[in-house]
Amino acid sequence: MLRQEALLRRALSERGHLSPQTSIEVDHISGSAEVDGLRVGLVHPDSYFARGRRLWSRRRRYHYFFKGHISSSGGREKMLSAFQNVSNSKIVSSDAGRWKWLKGNFDWFYFSQLGKSKFGLCPNQADWPGDFFWTYRFVDCLLAGAIPVLFRLTPLSDDFVAGFFFVWDDSLQSEISETKRIKMAEHNYQLALSRFRLPECPNE
């Protein structure tokens with residue numbers, strides 16, 4: 001099961017909308033899904049928002065943070081190399097996000113580290129199929145209060161990031177004051193509440 005479907009099922013279950021008769025269709029390439037014929041987009045459970053917010057740290061220990069699969073294919077290794085030796089940053093190579101048992105469960109350690117970071121790195125795959133570009137990491141950053149860093153080599157689709165504050169990998173993120181960064185993070189979180197959760201009545 002894709003993480004996308006696992007998150008959607010958990011979201012439906014938390015709202016009391018999941019039953020054996022519930023029809024779920026997931027399109028991973030476009031980051032979209034349908035529940036009983038209703039398009040719901042990329043959904044994260046209500047509990048993820050509450051837990052992510054709880055892990056916001058007043059003291060952001062890391063400047064940049066990334067944890068995930070790093071390989072030469074798709075350009076991710078090259079994109080992240082520029083951040084490997086940056087002071088107060090943490091880049092971790094891990095396949096934990098691909099573990100089946102973790103796909104529908106909240107990763108407390110991952111989000112706690114992201115919640116201690118000012119910026120979260122969001123490299124997509126340069127060889128991503130289709131013409132709509134998205135990544136879970138962008139939403140993870142919004143939940144944890146880290147400002148997403150997008151990469152010029154793999155820009156996410158305008159419709160996916162519309163309205164959110166983010167920065168590019170080749171910009172000077174250090175020039176953003178802490179007061180401004182906090183305001184950006186709060187704006188992103190509030191917008192994410194309306195963009196990446198279930199509508200109030202998905203089955204009606």
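Worth a mention:
- Placing L114, L38 in order of accessible area, with the largest value first and a 1.4 Å probe, yields L38, L114.
- Here the accessible area of the chain is 50 percent carbon and sulfur, with a 1.4 angstrom probe and all protein chains present.
- Taking 15 Å as the straight-line reach from the Cα of K67, the aspartates and glutamates in range (excluding those fewer than 8 positions away in the same chain) are E77, D95, D107, D140.
- Computed per residue of the chain from DSSP H runs no shorter than four, each worth -39500 (n - 2.57), the mean residue ellipticity at 222 nm is -9500 deg cm²/dmol.
- Each residue was assigned an accessible area with a 1.4 Å probe, and for V43 the value is about 0 Å².
- Translational diffusion coefficient (Stokes-Einstein; Kirkwood radius from C-alpha pairs) of the chain at 25 °C, 0.890 mPa s, in µm²/s: 141
- For the stretch 125-204, the average shadow cast by the Cα convex hull is 6.4 nm², which is a quarter of the hull's surface.
- Solvent exposure of D95, expressed as accessible area, is near 70 Å², computed with a probe of 1.4 Å over the protein chains only.
- Ordered by solvent-accessible area of protein heavy atoms (1.4 Å probe), largest first, the residues V149, V92 come out as V92, V149.
- Per residue, in Å², the accessible surface of the stretch 109-194 once ligands and nucleic acids are set aside, probe 1.4 Å: 42
- Protein-only accessible surface order, largest first, of H63, H44 at 1.4 Å: H63, H44
The values are calculated or read from the model by the stated rules, or taken from the named source; none is laboratory data. These numbers come from a predicted model, not from an experiment. We work out accessible area using only protein heavy atoms, side chains counted, and drop any ligands, DNA or RNA first. Shrake-Rupley method; radii C 1.70, N 1.55, O 1.52, S 1.80 Å.
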